[in-house]
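A.B. asks: Sending over a structure as structure tokens; questions will come in a sec.
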Amino acid sequence: MSLRIVLLGPPGAGKGTQAERLVQHLKIPRIVTGDLLRAAVKNKTDLGQKAQTYMNRGELVPDELVVALIREQLSQLNSQRGFILDGFPRNIQQASALEQLTEIDLALLIDLPREEVIRRLSARRMCERCERIYNLVYQPPKREGICDACQGLLVQRSDDKPDVVAKRYDIQYNQDAQPLVESYRKRSVLVTIDGEGTIEEVFERILRVIRSYK
Ligand code: AP5
């Protein structure tokens with residue numbers, strides 16, 4: 001099945017967790033702006049040096065930088081075969097830029113209340129080597145502090161501190177993303193999924209939506 005999907009939702013809603021499963025299920029590629037930006041920061045590229053300050057403050061990286069990144073990524077894949085965009089677009093300007101590049105079949109919004117976002121993100125850990133995601137409460141590694149997949153060290157993302165998470169939720173999501181959500185709603189491509197419950201329960205809800213596109 002070829003589906004062009006945009007994943008929306010507050011920080012920590014489970015976009016990355018669910019996208020990983022969807023990639024396996026649909027066998028389509030995924031473009032993750034957060035991962036691409038973190039890699040750029042780690043490698044100290046031009047983009048990384050420009051993006052780092054914004055990311056540490058919990059603010060959006062300027063549109064022109066992210067749009068250029070997405071343009072390059074999309075040009076490397078055959079968009080007719082489908083894809084998952086995880087973390088892009090984040091505001092109405094980015095959505096307009098995306099419209100110039102490709103059409104979208106489904107905007108899937110994973111919704112989660114603020115208190116649960118803060119709870120999940122304060123317990124999130126990420127492998128510094130392979131970037132696999134864990135949660136100390138809900139999805140712990142077999143050995144404390146060590147990645148099950150590659151034995152890398154598990155670390156906390158610098159933007160997962162409570163004050164930065166609150167800013168990401170209140171400004172990036174509640175303010176910047178809302179006009180974008182409304183615009184997808186008006187175009188009848190928006191489907192909202194309840195992000196509460198276990199990872200499997202949320203995935204089952206997503207699969208129900210996906211099946212209706214077959
Ligand atoms: P980005 O990395 O995209 O962060 P985000 O959107 O805030 O989303 P997260 O990665 O924090 O959460 P998620 O929804 O993927 O949740 P996860 O699956 O990990 O962006 C980071 C920064 O980059 C931004 O702040 C910005 O500066 C910049 N940026 C990125 N894109 C940009 C753009 N387009 N324009 C401008 N700037 C941009 O799950 C969270 C935790 O919960 C994990 O521990 C997981 O194990 C656990 N969990 C998941 N599901 C469940 C469940 N059902 N039950 C219990 N626990 C669960």
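A.B. asks: Tell me yes or no: at least one residue of the range 31-38 is without any contact (Cβ under 8 Å) to a residue 40 or more places away in the chain, open to solvent by less than 40 Å² (accessible area, probe 1.4 Å), assigned to a helix (DSSP H, G or I) and more than 20 Å from Asp194 (Cα to Cα).
C.D. replies: Checking the range 31-38: at least one residue is without any contact (Cβ under 8 Å) to a residue 40 or more places away in the chain, open to solvent by less than 40 Å² (accessible area, probe 1.4 Å), assigned to a helix (DSSP H, G or I) and more than 20 Å from Asp194 (Cα to Cα).
A.B. asks: Within the range 62-92, can you find the residues that are of a type in the set (Gly, Ala, Ser) and open to solvent by less than 70 Å² (accessible area, probe 1.4 Å)?
C.D. replies: Ala68, Ser79, Gly82, Gly87, listed by residue number.
A.B. asks: Quick one: is Asn174 closer than 27 Å to Leu190 by Cβ and either among the basic types (Lys, Arg) or within 12 Å of the ligand (Cβ to nearest atom) (or both)?
C.D. replies: Considered against the rule, which asks whether it is closer than 27 Å to Leu190 by Cβ and either among the basic types (Lys, Arg) or within 12 Å of the ligand (Cβ to nearest atom) (or both), Asn174 comes out as no.
A.B. asks: Checking the condition of a type outside the set (Phe, Trp, Tyr), modelled with pLDDT of 95 or more and more than 14 Å from the ligand (Cβ to nearest atom), which residue from Ile84, Ile146, Ile92, Ile110 passes?
C.D. replies: Matching residue, one of Ile84, Ile146, Ile92, Ile110: Ile146.
A.B. asks: If you don't mind, there's one more thing I want to ask. Looking at the range 1-21, which of the residues that are in a loop (DSSP other than H, G, I, E, B) and more than 9 Å from the ligand (Cβ to nearest atom) is modelled with the lowest pLDDT?
C.D. replies: Start the filter on the range 1-21 by keeping residues that are in a loop (DSSP other than H, G, I, E, B), which leaves 1-3, 9-14.
Then keep just the ones that are more than 9 Å from the ligand (Cβ to nearest atom); that gives 1-3.
On the way: Met1: 68, Ser2: 83, Leu3: 93.
Top of the filtered list is Met1.
A.B. asks: So Val165 fits all but one of (1) of a type in the set (A, V, I, L, M); (2) crowded, with 17+ Cβ neighbours inside 10 Å; (3) not in a helix (DSSP H, G or I); what number is the exception?
C.D. replies: Answer for Val165: the failing condition is (3).
A.B. asks: Answer yes if at least one residue in the range 169-179 is modelled with pLDDT under 95, surrounded by fewer than 16 Cβ atoms within 10 Å (Cβ to Cβ) and outside any helix (DSSP H, G or I), and no otherwise.
C.D. replies: No - not one qualifying residue is present in the range 169-179.
A.B. asks: Sticking with this one: Return the residues of the range 58-88 that are out of contact with any Lys or Arg (no Cβ under 7 Å at 6 or more places or on another chain) and of a type in the set (S, T, N, Q); say none if nothing qualifies.
C.D. replies: Gln73, Ser75, Gln76, Asn78, Gln80
A.B. asks: A further question follows. If you go through the range 129-145 one residue at a time, how many are surrounded by 14 or more Cβ atoms within 10 Å (Cβ to Cβ) and acidic (Asp, Glu)?
C.D. replies: Selection size over the range 129-145: 1.
A.B. asks: If only one of Glu59, Glu103, Glu116 is of a type outside the set (Val, Ile, Thr), surrounded by fewer than 19 Cβ atoms within 10 Å (Cβ to Cβ), near the ligand (Cβ under 10 Å from one of its atoms) and not in a helix (DSSP H, G or I), which one is it?
C.D. replies: Checking each option against the conditions leaves just Glu59.
The values are calculated or read from the model by the stated rules, or taken from the named source; none is laboratory data. Just so you know, these numbers come straight off a predicted model, no measurement behind them. Ideal geometry is used to build each Cβ from the backbone, glycine not excepted, and the neighbour counts take in all protein chains shown. Ligands, DNA and RNA are excluded from the accessible area calculation, which covers all protein heavy atoms including side chains. Shrake-Rupley method; radii C 1.70, N 1.55, O 1.52, S 1.80 Å.
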